[in-house]
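Below is one structure, written out as structure tokens, with a few remarks after it.
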């Protein structure tokens, strides 16, 4: 009875979140420094697709700037939210998300190497970020898996993963800092914007690549969600129920890391989205839920980007902040709060 | 698990706490021959002296030790080589001071937090200093290394206190994972705030990025002198806490039973740590991993006794920092890799190794 009720609440609230994503999507396309009316928006999109007459100014701003920005924002939000929730569920540790355990730093370091040393831009930077994230994820997994076999299970293994990630992140941070001193100041400024995670250079090419990646990854998440729910019961129980624990876990890691990596490649490491989405979704819907986490991720990115692109320039005379600055500034206090309240629970 | 009966007894006496002494396979014979540790300490001092000499000689213009000696004893202002040696003196002194401060602070931090992973870089101290420096550059237009020092000092001190307070909430105290995560969270938050300034002001970024890497090059005497009083005060406080740290290592209950006023003891040690970290970061910029790695290396030589760990860390940490600086000078000629980068590249594998040994996850 109560289970049924909770299920209905989950469904209602998930629908609510989905509506929120749609509303925020249109808010960020239509409102802001350049306002577009709803009929105009549909005219612009229709004419763009059919090759009809363009509205001077408005067509360009909507099709080349605002729409790709919102589309990429939604997709990276979904990807980060899912990646974070997968990690947190799998490791049974709310603190284990790709940005905390250093995978994003792998992407950053590789991307800065590409920007500063090879003078790359656009797709090459994204590719480098993808490779960097996967390489660091592999490294962290290799480091912590030795310990997992050594008898530490569940929480201890998760903690080891977190700590290995923190250490690697610190070393990569040093590399990034060093490269920043080697570049000329304009390149360094470009790299800094990228390092914070930004939608400022969103375009349709990136949106297309990201869409293709998600078209493969989202069904994969759907397939893996069943074994994940059983893994949550504990490794021994899962093995008893006929799950091949190690294979399932490896598949989960690969899917989650790839999700985080493609999102990072598209927009840079937007901090804390992956980490925040899971816990917020659980508090909001009363249950750990992958779709809700993904939707919360999208809500966070769209709302933060709206603030970064429209409110920040008013305060900082004209500077469009990278979206990651907003999510970082809001996410850090939340992480600290989570630490404090978790501690209280232990006591 | 432990080889020394002393540490085993301590573990039995305080179940559930992670005794830093257990991180070392204490050589049982060190206790039998107290003179041996003194001999090791003397050897470490000799190594440090040689390295300091090398630091004066090595660089884009390499000079033999004989020339270095001449420049120090019979300085001839007309001699170009002698001028080069003298130009390298502030940097070497700064390496000695900052290295020693980081080593001491790291050892004391690990003792007072009963946490093998405590380190100024991981604990968010560097980020606090960095945000304060950025604010100094942007808001107050500070543009010189001697101007950054006060901002760095205050930022580092505030961040250290905040991270430790957050991590020690709850009954199980400041466990490794909570400290690392509180540090990581503060790092991320502070860097976001910093980015707000750096993205909107390219001038600030241009000055800040060179401070940010951490190093001992290009500082003059004013930087050394400004930091020295704080550093000296912190060093004296921390060096006197060896006994306190030894009893804290037994766990709060036993320490209290031995007549230790635990809260007061922690507070005094923490004051010393903040003075040391703050002045080191102010002088040399953010330098990670020296404070983490050295005390662990030292425990192999000394065993778990903080009365020995502290002086050994004081002597061996500058060996790492100066060594990293010297390697950084020659590895990328004609350019230089700052010491802060080299220490991170050396320190990260050690950190990972510690985690893998399971000491880090000892909850």
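The values are calculated or read from the model by the stated rules, or taken from the named source; none is laboratory data. This structure is a prediction, so every number in the text was calculated from the model and none was measured. Cβ coordinates were reconstructed from backbone atoms using ideal geometry, including for glycine residues, and neighbour counts include every protein chain displayed.
Below are the figures for this structure:
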| quantity | calculated |
| --- | --- |
| Selected residue [in contact (Cβ under 8 Å) with a residue 24 or more places away in the chain, closer than 16 Å to residue A:264 by Cβ and surrounded by fewer than 24 Cβ atoms within 10 Å (Cβ to Cβ)] from A:111, A:123 | A:123 |
| Pairs with Cβ under 8 Å, 6+ apart, first in the stretch A:219-239 and over 21 Å from residue A:83 (Cβ atoms), second outside any helix (DSSP H, G or I) | A:233/A:241; A:234/A:154; A:235/A:153; A:235/A:154 |
| Unique residue being away from chain B (no Cβ under 11 Å), in contact with a helix residue (DSSP H, G or I) (Cβ under 9 Å, 6 or more places away or on another chain) and under 25 Å from residue A:329 (Cβ atoms) when the list is A:202, A:174 | A:202 |
| Qualifying residues in the stretch B:186-202 (those that are touching a residue at least 40 places away in the same chain (Cβ under 8 Å) and assigned to a helix (DSSP H, G or I)) - the one farthest from residue A:334 (Cα to Cα) | B:198 |
| Complete set of residues in the stretch B:165-179 that are assigned to a helix (DSSP H, G or I), within 7 Å of chain A (Cβ to nearest Cβ) and either under 20 Å from residue B:135 (Cα atoms) or modelled with pLDDT of 70 or more (or both) | B:166, B:178 |
| The stretch B:50-73: number of residues that are assigned to a loop (DSSP other than H, G, I, E, B) and closer than 14 Å to residue B:325 by Cα | 3 |
| Residues of the stretch B:74-97 that turn out to be farther than 15 Å from residue B:287 by Cβ and assigned to a helix (DSSP H, G or I), as a count | 12 |
| Scope the stretch B:127-164; condition within 14 Å of chain A (Cβ to nearest Cβ) and modelled with pLDDT under 80; matching residues | B:164 |
| Single match in B:100, B:147, B:106 (criterion: more than 18 Å from residue B:317 (Cβ to Cβ) and part of a helix (DSSP H, G or I)) | B:147 |
| Counted residues, the stretch A:146-172 - those being at pLDDT below 70 and either in a loop (DSSP other than H, G, I, E, B) or farther than 19 Å from residue A:94 by Cα (or both) | 8 |
| Elements of type helices (runs of 4 or more DSSP H) contained in the stretch B:257-358, each with 2 or more residues being within 14 Å of another protein chain (Cβ to nearest Cβ) and free of Cβ contacts under 8 Å to residues at least 60 places away in the same chain | B:306-331, B:339-356 |
| Within the stretch B:41-60, considering residues that are within 21 Å of the chain's Cα centre (by Cα) and in contact (Cβ under 8 Å) with a residue 12 or more places away in the chain, the one nearest to residue B:88 (Cα to Cα) | B:55 |
| Filter pass, residue B:130 being surrounded by 23 or more Cβ atoms within 10 Å (Cβ to Cβ), more than 13 Å from the chain's Cα centre (by Cα) and more than 21 Å from residue B:272 (Cβ to Cβ) | yes |
| Residue in the stretch A:306-325 that is surrounded by the most Cβ atoms within 10 Å (Cβ to Cβ), counting only those that are more than 8 Å from chain B (Cβ to nearest Cβ) and either touching a strand residue (DSSP E or B) at 6+ places or on another chain (Cβ under 6 Å) or at pLDDT 80 or above (or both) | A:323 |
| Residue list for the stretch A:7-29, filter: without any contact (Cβ under 8 Å) to a residue 60 or more places away in the chain and in contact with a helix residue (DSSP H, G or I) (Cβ under 6 Å, 6 or more places away or on another chain) | A:29 |
| Residue satisfying all of: in the stretch A:41-64; modelled with pLDDT of 80 or more and within 20 Å of residue A:310 (Cβ to Cβ); surrounded by the most Cβ atoms within 10 Å (Cβ to Cβ) among these | A:44 |
